[in-house]
1. Looking at the structure I just gave you, is LEU84 in the same structural domain as THR141 (by TED's automatic domain parsing) and within 52 Å of the chain's Cα centre (by Cα)?
2. Here are the criteria: (1) more than 20 Å from the chain's Cα centre (by Cα); (2) among the acidic types (Asp, Glu); (3) over 21 Å from LYS131 (Cβ atoms). Tell me which single one ASP25 does not satisfy.
3. Has segment 88-111 got at least one residue that is among the small types (Gly, Ala, Ser) and at pLDDT 95 or above?
4. On the given criteria, is VAL123 assigned to a helix (DSSP H, G or I) and under 20 Å from the mean Cα position of the chain (by Cα)?
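The values are calculated or read from the model by the stated rules, or taken from the named source; none is laboratory data. On a predicted model such as this, the values are computed, not experimentally measured, just so you know. Reconstructed Cβ throughout: ideal geometry from the backbone, glycine too, with neighbour counts over all protein chains shown.
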Amino acid sequence: MFWFRWFKRTPRKRYFDRSTLRKNDISLLILDERWNSLFTTTEKTAEILKCEEKLRDLLKEQAALNTEAKEIAWQKKLCMDRILQLTTEAFENNNEEARRQMQDCEKEIKRINKRLEEIDEAVEDMPDRIKEANLELLEHTVNVVYFKMRAEQERVKVLEALIEETKNKLKEYIEEKGTLSEDYTGIYSYFHDLLGGEELEKLDREFFKDDKKIKGGKNI
């Protein structure tokens, strides 16, 4: 695929304004059947494969963050419930072990709160990161697909010229064949009248031998 080898040596060019596309609701390409169908007959470049992997990783990271947030939020609730359970024992019964466990729960809650803040920040940034990676994939897609379309259109023009040339050649061949056939008919008729059918058969055997005999200007 010449066009593909040439394209890989060509620097990527941006054909649209990302700031404009950020405002649009661009579907997530790797989950778009129509986008995937673009590559049934078009080879993906290394850049496209890299962008696909980046998007998948971001989606996995997003899912992992959401899962972790739910899990540690549940752990926080368990710690708070445990503190409530230990309060009476720790303060009314002056149980040191209960106080120690309460302190451990408080430390865990602080750790969880800090982690939840980190997750919230990461989750909040994730849509922009995914959109940016998606737009980068779109740019690579446009470069590949439209370059292929341009190359194929140029090839179509070449084929159209070849088809037209072939049609003209075919027309010439048909006309030449018709002229020759008319000549054979006239010649055969003349010698038939001049020499007779029997002598003409002898000439046919002599000159055409194993070839099909010409009769009436046609091969038989």
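1. no
2. So the condition that ASP25 fails would be (3).
3. Looking for residues that are among the small types (Gly, Ala, Ser) and at pLDDT 95 or above, one finds none in segment 88-111, hence no.
4. Against the criterion (assigned to a helix (DSSP H, G or I) and under 20 Å from the mean Cα position of the chain (by Cα)), VAL123 does not qualify.
To keep it simple, each residue is scored yes or no on (1) under 29 Å from THR42 (Cβ atoms); (2) of a type in the set (Val, Ile, Thr); (3) out of contact with any Asp or Glu (no Cβ under 8 Å at 6 or more places or on another chain).
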| residue | (1), (2), (3) |
| --- | --- |
| GLU121 | no, no, yes |
| ILE130 | yes, yes, yes |
| THR141 | yes, yes, yes |
| TYR146 | yes, no, yes |
| LYS157 | yes, no, yes |
| THR179 | no, yes, yes |
